[in-house]
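I have placed the structure first, in the form of structure tokens, so that the comments after it can refer back to it.
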Amino acid sequence: MTRIEALEVTVNAPIVSFRNPLYQGIQVGLPCPPPSTVGGMLAATAGAWDQVPENTRFAMTFTAQGSGADLETYHPAAAKAAYRNATIKDREFLTNVTLTVWLTTDLEMWESAIRTPVWPLRLGRSQDLATARTRRVPLTHGGTGTQGHALIPHTTAPDPRTLHNGDQLQLPTATTLDRSRTTWDTYRYARTGTDATLTADYTTDAGQALILLPPVHPTHAAAKDTHV
Amino acid sequence: MTDHLTQNELRLTPHPLQRAGAYAIAAIAKAAHPEKVTGEQFDQVVQRMIRDLVATSTVAKGQAGWYLLGLSYTLWPNCALHYKSKRTPEGIAAWRSVPPAQAWPGVPCSLCGRPACDWYGNVDIPLGASVEHRNTTAPDHQGTPLCFPCVTSFHALPYAFTAGGGVLYGLHSWDERFMARATSAAVPNNQRHMMVRGDLKKGGGAFPVEFAALRALRWWDKRITAGVQAIQFSNSTRDMKFRVEDMGQPLAEWLRSTASDTHRRTGFRFLARAQATAKVSGLRMLAWRAFNRPDQIPSRASGWLRDQITETGRIPAAVPHLAPLIRTYLTEVLHVLEKDVGHVTTIARRIADVVTADDDKRLKKFVVATRRPNDLKGWLRSQIADWAKKRPAEAANEPFITVPQWRVLFDSGNTSWSARELLFVAVFEELCARGATVTATDETTTDEDFTTLDTNDQEESD
């Protein structure tokens with residue numbers, strides 16, 4: 001099996017919130033960050049999307065030790081004064097989260113960007129800054145590994161020996177620079193983890209299966225605008 | 001020309017409520033799938049929905065036909081129906097028509113990417129932001145851009161979802177065939193509500209949406225490939241609500257199998273009876289637990305068996321049907337590991353050696369001990385010597401319980417709980433296999449929901 005060197009980025013944050021953008025009038029939380037959010041965080045470390053290689057792809061795992069709901073004051077950004085009254089809304093959040101991202105290309109660029117990010121590191125709608133550590137790790141090309149807490153494309157073959165292959169989720173993958181268009185894809189994620197075994201793109205030495213997610217660069221969202 | 005065509009071609013998007021509406025349109029058009037709805041059929045459904053709105057617009061509260069008008073306050077706040085000047089056939093048609101192409105905003109629909117025909121807000125988009133708010137809109141956008149098929153899908157929600165108790169409720173699944181089936185079953189009911197109901201009282205008994213899911217699953221004759229969501233929401237400006245209950249695919253498939261598999265079908269009646277509470281019937285509690293507390297389903301069933309056995313000291317006739325059903329739940333839904341099943345089955349055989357079904361006292365003591373882990377530990381320790389005397393010749397050198405078996409039962413965290421539940425049913429399966437005498441169980445049920453549970457009348461009537 002071929003071995004490659006990859007960059008493992010571990011991001012921790014005490015409180016985060018990933019909103020489902022389909023429900024703008026309320027705050028519906030997602031159980032894990034969508035690929036577009038992780039891509040946005042990476043782009044923030046690089047400074048802007050034009051600093052990010054277009055075909056950047058990554059694999060990721062995500063865990064949260066707790067969850068809850070809070071109240072927050074919502075200040076409408078309205079053109080007319082009559083619609084500016086602040087209201088109280090529920091806000092779902094996750095606590096003590098760990099996001100691990102594996103990048104397999106442009107390692108030096110990403111290592112540098114994450115060590116000295118251009119913009120403060122945040123994850124989703126966080127009221128706290130996130131911390132990130134990087135390390136170079138060897139990965140084995142191909143092979144089988146454990147799904148665990150990985151976010152994987154739904155097209156990944158499930159493990160026939162278990163029924164616990166994660167819940168199906170529709171998540172944003174990429175958003176155009178003008179935010180007018182978002183591409184969505186179907187993923188699987190087991191919030192409590194799963195022992196399912198996957199045929200992986202890469203595997204870590206600890207046996208974690210890594211499946212590369214679709215590219216998150218805005219150009220890929222724009223490319224899908226075939227109708228306009 | 002292309003632009004015009006795309007304004008009457010349905011597409012499925014990532015939005016569950018848009019999908020539910022699109023499937024409702026397909027059901028009204030009698031098409032197999034939203035994307036099979038022709039432009040002509042789509043236009044006819046739009047006209048039909050306008051006619052339904054016009055019909056309800058003049059009905060007084062309490063009169064038959066007011067239901068849709070009442071529902072509009074929950075689903076479309078501040079829509080044309082709520083203004084005297086717009087509550088006319090012309091006003092309603094204007095609300096539900098495609099704006100002229102020259103007025104289109106020139107941006108893509110935020111859901112499907114085709115050309116949007118207008119900016120929309122929470123009047124038309126359930127749980128959307130006000131069209132006046134810019135917190136989440138893209139720069140220079142005057143609201144959320146949608147194409148006509150996508151916004152019409154939202155308009156069709158009253159045909160897929162039922163109103164009652166201040167919310168709309170209905171089902172969603174990413175299994176496309178099941179979604180089509182569940183929606184096509186719901187549409188005739190909701191159309192009936194629109195014609196005859198004059199109120200928005202919460203009908204349908206306890207946990208109506210969860211029970212509808214159970215019923216839809218047991219009607220479904222194909223393997224289900226995704227979980228099922230029970231959605232309840234209100235788009236009322238004053239009090240937006242959104243609640244989604246998820247049932248995982250393994251449990252959905254297991255519930256489906258309780259109708260399609262003859263053996264499981266018999267056990268299912270006992271399983272449902274075991275779930276009942278003083279106020280809610282067994283089937284409806286089962287449906288609620290399937291979404292909210294799936295771990296309670298086997299424990300309620302084994303608890304019900306425990307009560308029956310403790311009361312009579314005999315094995316009820318339900319055991320040969322219910323015990324295997326609980327076993328399948330533990331292995332197929334709660335994922336008790338194969339190796340743990342092997343350990344538990346071995347212990348169950350040992351226990352069956354010492355608990356003979358003809359000895360009421362021994363049986364009763366075992367059943368009582370299974371109520372608490374510490375009691376079961378004590379009981380197992382107390383049986384070691386007894387088993388040594390009784391053990392069959394082929395097991396002469398084997399212990400009553402091994403260390404790994406003990407660990408499976410007591411030292412494996414949460415999985416130990418399911419292993420102990422499995423042990424309880426495995427012992428009775430073993431006793432029945434050895435020809436234990438069972439006493440008759442009253443099989444009559446007072447649960448009226450059984451009369452409609454497995455009838456396929458909705459589809460047949462179509």
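Miscellaneous remarks
- Among the residues of this structure, B:Ser130 counts as one that is of a type in the set (S, T, N, Q) and either open to solvent by less than 10 Å² (accessible area, probe 1.4 Å) or within 12 Å of another protein chain (Cβ to nearest Cβ) (or both).
- Cβ pairs under 6 Å, 6+ apart, first in the stretch B:87-104 and under 14 Å from B:Gln47 (Cβ atoms), second modelled with pLDDT of 95 or more and small (Gly, Ala, Ser): B:Ile92/B:Ala80; B:Trp95/B:Ala80
- Flag if B:Val107 is within 12 Å of chain A (Cβ to nearest Cβ) and in contact with a Lys or Arg (Cβ under 9 Å, 6 or more places away or on another chain): yes
- Extreme residue, farthest from A:Gly29 (Cα to Cα), among residues of the stretch A:70-80 that are within 12 Å of another protein chain (Cβ to nearest Cβ) and in a strand (DSSP E or B): A:Ala78
- B:Phe178 meets all of the listed conditions (1) of a type outside the set (A, V, I, L, M); (2) more than 23 Å from B:Arg51 (Cβ to Cβ); (3) in a helix (DSSP H, G or I); (4) touching a strand residue (DSSP E or B) at 6+ places or on another chain (Cβ under 7 Å) but one, namely (4).
- Some residue of the stretch B:357-374 being open to solvent by 30 Å² or more (accessible area, probe 1.4 Å), without any contact (Cβ under 8 Å) to a residue 40 or more places away in the chain, touching a helix residue (DSSP H, G or I) at 6+ places or on another chain (Cβ under 8 Å) and within 21 Å of B:Phe400 (Cβ to Cβ): yes
- Selection of the stretch B:61-86 for residues being surrounded by fewer than 17 Cβ atoms within 10 Å (Cβ to Cβ) and without any contact (Cβ under 8 Å) to a residue 60 or more places away in the chain yields B:His82, B:Tyr83, B:Lys84, B:Ser85, B:Lys86.
- Matching option when the condition is surrounded by fewer than 19 Cβ atoms within 10 Å (Cβ to Cβ) and closer than 30 Å to A:Thr203 by Cβ, among A:Glu92, A:Glu72, A:Glu54: A:Glu54
- Enumeration of residues in the stretch B:432-446 that are in a loop (DSSP other than H, G, I, E, B), at pLDDT 70 or above and among the small types (Gly, Ala, Ser): B:Gly435, B:Ala436
- Considering residues of the stretch B:87-97 that are among the charged types (D, E, K, R) and within 39 Å of the chain's Cα centre (by Cα) only, the residue least open to solvent (accessible area, probe 1.4 Å): B:Arg96
- The criterion of being away from every other protein chain (no Cβ under 14 Å), open to solvent by less than 10 Å² (accessible area, probe 1.4 Å), in a helix (DSSP H, G or I) and in contact with a Pro (Cβ under 7 Å, 6 or more places away or on another chain) does not hold for B:Ile347.
- Wholly enclosed strands (runs of 3 or more DSSP E) of the stretch A:109-228 bearing at least 3 residues at negative phi, more than 9 Å from every other protein chain (Cβ to nearest Cβ) and more than 18 Å from the chain's Cα centre (by Cα): A:131-141, A:144-146, A:197-199
The values are calculated or read from the model by the stated rules, or taken from the named source; none is laboratory data. Note that this is a predicted model, so its numbers are computed, not measured. Don't worry about glycine lacking a Cβ; one is built from the backbone with ideal geometry, like all the others, and counts go over all protein chains shown. Note: accessible area is taken over every heavy atom of the protein model, side chains too, but ligands, DNA and RNA are not part of it. Shrake-Rupley method; radii C 1.70, N 1.55, O 1.52, S 1.80 Å.
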